[in-house]
Amino acid sequence: MAAKKIEKLHLGFYPTPMVRLDGISKETGVNCYIKRDDLCGIAFGGNKVRKLEYLLAHAKAEGYDTVLTSGGAQSNHATLTAACCRKLGLDVILVLKQRGETGKKGNLVLDDIMNVEVVFVDTDDYSDVYAEADRIIEKLKAKGKKPYMIPVGGSVPLGALGYYDAVGEMAVQAKEMGFTINHIICASGSGGTHGGVLLGAKVNGGIKVTGVVVSVEVEFQQEICRLANEAAELIGLKPDIALEEVVLKEYIGPGYAIPSAEGSAAIRLMAEREGIFLDPVYTGKTFAGFLDLCKKGYFTPGENVVFIHTGGTPALFALPV
């Protein structure tokens with residue numbers, strides 16, 4: 001059964017490049033490719049733009065005029081949401097966790113350049129952040145505004161469709177390049193990207209998917225499974241992804257958004273071998289996980305593995321590597 005089309009905007013420059021990593025393939029003995037979603041053309045790029053194409057299409061269609069979202073102080077999702085809203089002429093407010101932030105750097109510089117309203121909440125608990133967002137929403141409504149709240153990471157079923165699309169895009173590129181994708185490696189942060197990839201992988205020939213966990217989340221496997229199946233329902237596909245199909249490998253290190261020694265080494269290796277920069281929060285740790293899995297013989301000899309570069313490079317200017 002053909003998938004139903006859902007309205008989306010065209011905010012990024014797609015397809016993004018997918019290339020073979022010759023230096024890394026030689027280093028690991030695995031046929032390694034990289035999907036450059038950091039080059040999608042909005043701000044400094046990243047995976048969230050694919051999600052925002054769906055989410056902001058819905059916001060525009062329903063007449064919302066102000067977008068709120070939340071995240072950590074260095075949230076790439078928040079900055080990309082702001083950039084996309086600026087492009088569309090929508091008002092935007094970022095409600096961010098301030099705890100541990102030590103000055104204006106990284107994504108906060110970009111937020112400032114875009115003249116975006118940032119509201120900080122000094123907490124480690126997202127329930128406090130959402131409570132503040134709710135207060136702001138009520139104030140906006142009282143002024144006659146129509147606010148639209150996007151959860152952390154845009155990780156809802158509608159947003160996950162962005163990475164269902166991405167896998168289809170990757171499959172076409174692989175065919176043009178003369179190979180078949182056997183395995184996809186992606187970061188698992190808030191779950192939406194992984195859920196969308198999982199759905200796309202199943203539809204496009206049953207590609208294996210491994211998510212590298214970079215944040216602590218209760219019931220994370222169940223959440224990714226839910227996102228994938230509810231995204232399938234949105235486009236009229238059978239929601240038949242089982243819990244055991246959500247494969248996760250944990251490489252959090254000392255904590256979310258805290259650089260790890262392995263992640264920093266992986267960032268340096270990618271830069272030295274390929275001239276490509278990863279970030280210390282998501283892609284550096286994910287690539288470190290990939291390298292460790294290579295050493296452990298996780299991949300079948302001859303497998304073609306695609307690593308998704310989900311962006312986040314401004315964090316290199318905010319966190320030690």
Q. Across segment 259-310, what is the total count of residues that are of a type in the set (Ser, Thr, Tyr), within 20 Å of Val247 (Cβ to Cβ) and either free of Cβ contacts under 8 Å to residues at least 40 places away in the same chain or surrounded by fewer than 24 Cβ atoms within 10 Å (Cβ to Cβ) (or both)?
A. 2
Q: Please verify whether segment 230-249 includes one or more residues that are under 20 Å from Gly312 (Cβ atoms), surrounded by fewer than 18 Cβ atoms within 10 Å (Cβ to Cβ) and of a type outside the set (A, V, I, L, M, F, W, C).
A: yes
Q: Considering every residue within segment 30-47, establish whether at least one is buried (at least 24 other Cβ atoms within 10 Å of the Cβ), of a type outside the set (Lys, Arg), in contact with a Cys (Cβ under 8 Å, 6 or more places away or on another chain) and not in a loop (DSSP other than H, G, I, E, B).
A: yes
Q. When residues of segment 7-65 are filtered for being of a type in the set (Asp, Glu) and over 15 Å from Leu80 (Cβ atoms), how many remain?
A. 5
Q. Filtering segment 131-153 down to residues that are at pLDDT 95 or above and within 23 Å of the chain's Cα centre (by Cα), which residue is farthest from Leu234 (Cα to Cα)?
A. Ala133
Q: Kindly list the number of the only condition in (1) of a type outside the set (Val, Ile, Thr); (2) part of a helix (DSSP H, G or I); (3) buried (at least 19 other Cβ atoms within 10 Å of the Cβ) that fails for Glu176.
A: (3)
**Q.** Test: Gly200 is of a type in the set (Gly, Ala, Ser), assigned to a helix (DSSP H, G or I), over 17 Å from Gly46 (Cα atoms) and touching a residue at least 12 places away in the same chain (Cβ under 8 Å)
**A.** yes
Q: Select from segment 99-133 the residues that are among the aliphatic types (A, V, I, L, M), buried (at least 17 other Cβ atoms within 10 Å of the Cβ) and assigned to a loop (DSSP other than H, G, I, E, B) and list them in ascending order.
A: Val116
Q) Out of (1) in contact with a Cys (Cβ under 8 Å, 6 or more places away or on another chain); (2) assigned to a loop (DSSP other than H, G, I, E, B), what's the single condition that is false for Leu278? A) (1)
Q. Among the listed residues Gly41, Gly63, which satisfies the condition of being under 17 Å from the mean Cα position of the chain (by Cα) and at positive phi?
A. Gly41
Q) Do you know which residues across segment 73-98 are of a type in the set (Gly, Ala, Ser) and either surrounded by 24 or more Cβ atoms within 10 Å (Cβ to Cβ) or within 15 Å of Leu55 (Cβ to Cβ) (or both)? A) Ala73, Ser75, Ala78, Ala82, Ala83
Q: Confirm whether Ile241 is closer than 30 Å to Pro280 by Cβ, assigned to a loop (DSSP other than H, G, I, E, B) and modelled with pLDDT of 95 or more.
A: no
Q) If only one of Ala257, Ala315 is within 17 Å of the chain's Cα centre (by Cα) and at positive phi, which one is it? A) Ala257
Q: Looking for whichever is farther than 29 Å from Glu233 by Cβ and either within 18 Å of the chain's Cα centre (by Cα) or in a strand (DSSP E or B) (or both) here; the options are Leu96, Leu161. Which one fits?
A: Leu96
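The values are calculated or read from the model by the stated rules, or taken from the named source; none is laboratory data. Given the structure is predicted, the values throughout are model-derived calculations rather than measurements. All Cβ positions, even for glycine, are placed from backbone atoms using ideal geometry, and neighbour counts span all protein chains on display.
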